[in-house]
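Derivation of every value follows stated rules applied to the coordinates shown; laboratory data play no part. Everything numeric here is computed off the predicted structure, so don't read it as measured data. When we count neighbours, we look across all protein chains shown, and the Cβ atoms used for this are built from the backbone with ideal geometry, even at glycine.
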Amino acid sequence: MNRKHMRGVYVVEFALVGLLVFIVLFGVLEMGRLYFTVNALDESARRGARLAAVCNISDPIVLQRAIFNAAGNTGTSPLITNLNTGNLTLSYLDTNGAVVANPTDTTSATGFRAIRYVQVSLQGYVFNLFIPGFGVAITLPTFRAVQPREALGHHSESGEVTPC
């Protein structure tokens, strides 16, 4: 065959190979973005549990700071798309791992004094793919972090409550 008859073959070959290269490229980018999001969500749960272990129980800033917001920012996370404090659940646990019913009650033995662990769960986060033509939404599993109780915002010497 001569070059005149082969001219269109190069365009078809490039279209097929180019399509495969772009699919692999977008796949690698999306897997990297998914990996980053999973690590950031895991860090949000760990960070929330750490803050809850040292901050006052009634402090609303704990969950806001857990999703990488500034103290006064009540919106979505600036780091992770569509993540807000509604995805987080903060629980105070006793020595057996059962949820303490009234953690703010400082007089009862089943209240504040029963707290031994702090747990933050992050659930229901939906990861959306940006691959053109594949608008797939992936619901990620629950991320959970448990930390031992520390100060919970109280000074042992004076008994005063400090904000975070």
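For a label point 7 Å from the Cα of residue 131 along Cα→C-beta, name the residues of region 6-45 whose backbone N is under 19 Å from it. Backbone N within reach: 16-38. The value obtained for region 3-148, namely the Cα convex hull volume divided by the number of residues, is 118 Å³ per residue. With the cut-off at under 19 Å, measuring from each backbone N in region 104-122 to a point 7 Å along the Cα-to-Cβ line of residue 146 picks out 111-122.
Estimated from helices alone, the mean residue ellipticity of the chain at 222 nm is -12500 deg cm²/dmol (sum of -39500 (n - 2.57) over DSSP H runs with n ≥ 4, per residue). Once the Cα atoms are used to define both axes, helix 3-54 deviates from the longest principal axis of the chain by about 0 degrees. Phi angles across region 65-80 convert, under the Karplus curve 6.51 cos²θ - 1.76 cosθ + 1.60 with θ = phi - 60°, into 3J(HN,Hα) values of 6, 5, 9, 6, 8, 6, 4, x, 7, 9, x, 6, 5, x, 9, 10 Hz, Gly and Pro given as x. When both region 27-48 and region 67-126 are represented by their alpha-carbon centers, they are found 20 Å apart. Per-residue extension of 0.36 nm, minus the Cα-Cα distance of residue 139 and residue 105, leaves a gain of 8.6 nm for this segment.
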